[in-house]
Amino acid sequence: MKTIIITGSTSGIGLGIAEGFASAGYNVVLNGLGKRDGIEATRARLAGLGEGEVIFHGANMLKPDEIADLVNSTKDKFGSVDVIVPNAGIQHVEKIEDFPPEKWDAIIAINLSSAFHLIRAAMPIMKSQDFGRIIAIASAHGLVASPFKSAYVAAKHGVLGLIKTVALEGAEFGITANAICPGYVETPLVTGQIADTAKARGMSEEDVINNVILKAQPTKQFVQVAQIASLAQYLASDHAAQITGAALPMDGGWTAQ
Ligand code: NAD
């Protein structure tokens, strides 16, 4: 039975990926912030979806030693770490001249450095298994920029550089490393930034949805969490063994423009 760790899986995209892999019979290690009761309810619900065990580890993505413990305790419990999904992320939308330096530091730490710490801890385990799948949830903002998102865009471009490097280091060990680059997905992260974007651009929230968010996506539709989860499952499969070092957009055509 294979084991997957998904950071930031108490909500949104990470939770959707966790549901997909739990249903497919993996042991799933959930991680993220949230109230204890809510997390336990999520854990119990996911445990009922498939044959694998579902556990929670509360590592804070700001703390490298806790991230290492997330990986090492998973290996101790389940005997392998087959798939890791660096997914945890936060956002802050503000003009660069007003961008709080502590927000820059937190976004780089959670959206980029935590992926480094996770991969760094998992790589020796994956090498010893001759198998590993690293599936980072980057963003269309790993490929193109938007104004007022300096830290996020820098972090996501950094994730793509990290993934390409790790792909080369893992290539002869059965380890692939790829990044999924979603466009706008309707999750709490996006809902939360609608008001901030409205303020930064001097627009109404409705205008932001129609003329900023969906304007970026030619399909005029949000990406669905289940669609990302399905791509992640494909990348984890043997059929995807020759896809490595890739940045795969799922953005309704946004970055084709
Ligand atoms: P979300 O806010 O719903 O979920 C974020 C998750 O990260 C939560 O589980 C949260 O608890 C966790 N998290 C935040 N800070 C943490 C910390 N310090 N330690 C541990 N966990 C922490 O957001 P989402 O939309 O599901 O985003 C998930 C990923 O997808 C992010 O990396 C985001 O940048 C990326 N993404 C989202 C969209 C989108 O439109 N929603 C688009 C492209 C990429």
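Against the definition (modelled with pLDDT under 95 and open to solvent by less than 10 Å² (accessible area, probe 1.4 Å)), how does V159 come out, yes or no? No, not satisfied. Please go through the stretch 46-68 and give me each residue that is assigned to a loop (DSSP other than H, G, I, E, B), more than 15 Å from the ligand (Cβ to nearest atom) and among the small types (G, A, S), ordered by number. Scanning the stretch 46-68 gives G48, G50, G52.
Just so you know, in the stretch 8-39 the residues that are among the β-branched types (V, I, T) and within 8 Å of the ligand (Cβ to nearest atom) include one that is nearest to E51 (Cα to Cα), and it is T10. Can you spot a residue in the stretch 64-79 that is open to solvent by 10 Å² or more (accessible area, probe 1.4 Å) and under 28 Å from F222 (Cα atoms)? The answer is no; no qualifying residue exists. Name the residues in the stretch 83-128 that are within 16 Å of the ligand (Cβ to nearest atom), open to solvent by 60 Å² or more (accessible area, probe 1.4 Å) and either among the basic types (K, R) or touching an Asp or Glu at 6+ places or on another chain (Cβ under 7 Å) (or both), would you? Within the stretch 83-128, just K103 meets the criteria. For I4, indicate whether it is more than 8 Å from the ligand (Cβ to nearest atom), within 20 Å of S237 (Cα to Cα), crowded, with 17+ Cβ neighbours inside 10 Å and at pLDDT 95 or above. For I4, the condition - more than 8 Å from the ligand (Cβ to nearest atom), within 20 Å of S237 (Cα to Cα), crowded, with 17+ Cβ neighbours inside 10 Å and at pLDDT 95 or above - is met. Within the stretch 137-185, the set of residues being aliphatic (A, V, I, L, M), part of a loop (DSSP other than H, G, I, E, B) and touching a residue at least 60 places away in the same chain (Cβ under 8 Å) comprises A138, L143, V144.
The values are calculated or read from the model by the stated rules, or taken from the named source; none is laboratory data. Since this is a predicted model, take the numbers as computed values, not measurements. Neighbour counts run over all protein chains shown; Cβ positions are idealised from the backbone, glycine included. Heavy atoms of the whole protein, side chains included, go into the accessibility calculation; ligands, DNA and RNA do not. Shrake-Rupley method; radii C 1.70, N 1.55, O 1.52, S 1.80 Å.
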